[in-house]
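The values are calculated or read from the model by the stated rules, or taken from the named source; none is laboratory data. Owing to the predicted nature of the structure, the values given are computational and were not obtained by experimental measurement. For neighbour counting, all protein chains shown are included, and Cβ atoms are generated from backbone atoms with ideal geometry for every residue, glycine included. Please note that ligands, DNA and RNA were not included when accessible areas were found on the heavy atoms of the full protein model with its side chains. Shrake-Rupley method; radii C 1.70, N 1.55, O 1.52, S 1.80 Å.
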Amino acid sequence: MLDYKKVEKELLKRAGYREKNLLTASNSKEITKIQEGLYEFRKIFFAYNMFGYEDYTIVG
């Protein structure tokens, strides 16, 4: 299972303006698995262990 602190740290490194606002506006610790390799954290979708994508790539 993914650790929310590590996810938050990695996403903040890669985030643009909109994503940084979403990450800092909420304090949710829930990481939702959408499908294999695609996860959601604080309304940000990112890839993790998905073929063709670097880990923690923001996809939507």
If each DSSP helix of 4+ residues adds -39,500 (n - 2.57) and the sum is divided by the residues in the chain, what number results at 222 nm, nearest 500 deg cm²/dmol? -10000 deg cm²/dmol
Taking the chain as a Gaussian network, where each spring joins two C-alpha atoms under 10 Å apart, which residue of Lys33, Lys43, Lys13 fluctuates the most? Lys13
Taking the solvent-accessible surface of protein heavy atoms with a 1.4 Å probe, what is the per residue accessible area of the chain in Å²? 70 Å²
To the nearest 10 degrees, how steeply does helix 4-14 sit against the main Cα axis of the chain, on a 0 to 90 scale? 90 degrees
Starting from the alpha-carbon convex hull of the chain, give the projected area averaged over all orientations, in nm². 3.7 nm²
Gain in length, Tyr4 to Lys33, computed as 0.36 nm per residue apart minus the alpha-carbon separation, to one decimal in nm? 9.2 nm
Specify the longest stretch of the chain that does not include any exposed loop site, a site being one of the GluC sites (Glu not before Pro) with a non-H, G, I, E, B DSSP assignment and at most 16 other Cβ atoms within 10 Å. 1-29
Percent of accessible area on the chain owned by carbon and sulfur, 1.4 Å probe? 50 percent
